[in-house]
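Have a look at the structure below before the remarks.
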Amino acid sequence: MTSNSVESINALSRDARKLPITMLIDFFRATMQQWWCQRRNVGAESKKDVIENTEKVIDMRINKSSGFRVYQIDQSIYEVNDQIKNGIVNLEIRHCMCWKWQLSGIPCTHAMTLFKELRYQHYSAWVSSYFTMKTYHSTYEEVVFPMPVPAEYKEPDEVMVVLTPLMDKRQAERPKNHNCIPSQGEGPIQKKM
């Protein structure tokens, strides 16, 4: 929903963008190779069940949940009063009426209060599988290999020749948008002759 990741990549490749396309692609390949290796090593060293950022969110939500009251409704349904609004937590389907648990995949403060009340030890068992170290390991288990040197390339029999595009100088003003979709109540623009 945001362009933050694109802006990060643009900042990373600021100098590399001036290179020819093959060298630019190799720059990105080398960067990915380095990132994957670092993250594989971090995952191998970790002894936790969930990734580090998720652990921080869990700790923050545990701290926020102090002073809440728990009332049992059913065998797996509980009401958690947080002095602002009541959260109804269903442990069977991992659902809370505040929707933070469903949207983030990490138990909300209402669920954390309930876990403390029921004396559950492993909060990480209630986290979505996306945040587990097992998923983290499987994400970075593939190895990014370097490209062979150009002398080792296998060229096909039929090679297409790609011509370089014509580099016309752009006009100084902003380009006109001729395929504009009219707003509601706005008719097509009539050209006067």
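The values are calculated or read from the model by the stated rules, or taken from the named source; none is laboratory data. Just so it is clear, the structure is predicted and the values come from calculations on it, not from any experiment. Positions of Cβ are generated from backbone atoms using ideal geometry, with glycine treated the same way; all protein chains shown enter the neighbour counts. These area figures cover heavy atoms from the full protein model, side chains too; ligands, DNA and RNA do not enter into them. Shrake-Rupley method; radii C 1.70, N 1.55, O 1.52, S 1.80 Å.
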Residues meeting the amide H criterion for HIS95 (H placed from the backbone, H to H distance under 5 Å, 5 or more places apart or on another chain) are ASN90
Under a point-charge model restricted to the Cβ atoms of Lys and Arg (+1) and Asp and Glu (-1), what is the dipole moment magnitude of region 1-95 relative to its Cα centre, in debye to the nearest 20?
360
Ratio of region 53-110's C-alpha Rg to 2.2 N^0.38 Å, to two decimals?
1.08
Cα-based equivalent ellipsoid, region 88-193: semi-axes from gyration tensor eigenvalues, Å
54, 37, 11
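Given a 1.4 Å probe and every protein chain left where it sits, what share in percent of the accessible area of region 48-160 is carbon and sulfur? Please report the intermediate quantities before stating the final value.
On the way: 4310 of 8150 Å².
After summing per-atom areas, the C and S share lands at 53 percent.
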Could you order the peptides 94-107, 168-181 from most to least packed, using the average number of other C-beta atoms within 10 Å per residue?
94-107, 168-181
Where the centre of each part is set by its Cα atoms, how far does region 137-158 sit from region 72-111, in angstrom?
48
Cβ-based net charge around TRP35, under 13 Å, with every Lys or Arg adding one and every Asp or Glu removing one
+2
A student applying the Cα gyration tensor rule (rounded when a/c is under 1.5; otherwise prolate if a/b is larger than b/c, oblate if not) would label region 109-157 prolate
If each of ARG39 and ARG94 carries a label point 7 Å out from its Cα toward its Cβ, how far apart are those two points in nm?
2.1
Taking region 1-59 as the region of interest, what is the percent of Cα-Cα pairs per 10 angstrom bin, listed from the shortest bin to the one with the maximum distance?
19, 31, 32, 16, 3
If the chain between ASP59 and ARG170 were fully stretched, how many nm would it gain, using 0.36 nm times the residue separation less the Cα-Cα distance?
34.5 nm
With a cut-off of 8 Å between alpha carbons and a minimum separation of six or more residues, what is the relative contact order of the chain in percent?
20
Kyte-Doolittle mean at least -0.5, axial Cα span of 20 Å or more - DSSP H helices of the chain:
21-45
May I ask for the net charge around SER46, where only other residues with Cβ less than 14 Å from the Cβ of SER46 are counted and Lys, Arg are +1 while Asp, Glu are -1?
+2
Across 10 Å bins beginning at 0, the whole-percent shares of Cα-Cα pair distances in the chain come to 7, 19, 19, 16, 17, 15, 7, 1, 0
Subtract the Cα-Cα distance of SER138 and ILE25 from 0.36 nm times their separation in residues, and report this length gain in nm to one decimal.
38.2 nm
Kirkwood Rh in Å, taken over region 68-145 so that all alpha-carbon pairs contribute:
13.7
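Determine, from the Cβ-Cβ distance of ASN81 and TYR120 and an R0 of 25 Å, the FRET efficiency 1/(1 + (r/R0)^6), rounded to the nearest 0.05.
Efficiency, from the Cβ-Cβ distance: 0.85.
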The FRET efficiency for LYS47 and ALA11, from their Cβ-Cβ distance with R0 = 35 Å and rounded to 0.05, is 0.60
Whole-percent pair-distance distribution, where bins are 10 Å wide, for the alpha carbons of region 18-93:
15, 22, 21, 16, 15, 10, 2
